[in-house]
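The values are calculated or read from the model by the stated rules, or taken from the named source; none is laboratory data. The model shown is predicted, which means the values in this text are computed figures rather than measured ones. Glycine also receives a Cβ, built like all others from the backbone with ideal geometry; neighbour counts cover every protein chain displayed.
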Amino acid sequence: MTERKTSAPITLEEPIERGAQKITHVTVRKPKSGELRGTQLVNLLHMDVAALEVVLPRITTPTLTKAEVANLDPADLTQFGVEVSGFLLTRASREGFQPA
């Protein structure tokens with residue numbers, strides 16, 4: 001049986017530059033229902049960029065801004081999308097789910 005994850009570390013392909021700071025690792029955690037407001041679950045499951053721009057600032061450490069999410073390398077955005085999609089699946093659904 002697949003264990004339920006509540007957070008996932010992401011190593012960025014392209015670091016985020018925030019002033020003098022370079023962010024190379026971000027942790028994304030499983031969202032609570034209230035953190036999904038303003039989006040549609042199906043859009044998150046489809047890894048819709050606009051939906052991820054809304055939700056990721058609410059569930060990342062360090063907290064990413066909407067602008068930083070919009071400027072992510074596509075490979076990094078895909079990593080986040082896979083993790084968020086996985087958080088939304090039931091245990092039974094995850095057993096057949098194999099992210100790329």
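Values as computed for the structure displayed
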item	result
Residues (in a loop (DSSP other than H, G, I, E, B) and of a type in the set (A, V, I, L, M)) located in segment 59-83	L64, L72
Verdict on G86 being assigned to a helix (DSSP H, G or I) and surrounded by 15 or more Cβ atoms within 10 Å (Cβ to Cβ)	yes
Close pairs (6 angstrom Cβ cut-off, 6 or more residues apart or separate chains): at pLDDT below 95 in segment 75-100, part of a loop (DSSP other than H, G, I, E, B) and crowded, with 16+ Cβ neighbours inside 10 Å anywhere	F87/K30
Single residue of E13, E53 found to be touching an Asp or Glu at 6+ places or on another chain (Cβ under 8 Å), in contact (Cβ under 8 Å) with a residue 12 or more places away in the chain and either more than 13 Å from G86 (Cα to Cα) or exposed (fewer than 12 other Cβ atoms within 10 Å of the Cβ) (or both)	E13
Any hit, segment 2-15, residues being in contact with a Leu (Cβ under 6 Å, 6 or more places away or on another chain) and assigned to a strand (DSSP E or B)	no
Residue within segment 39-58 that is on the phi > 0 side of the Ramachandran plot and part of a loop (DSSP other than H, G, I, E, B) present	yes
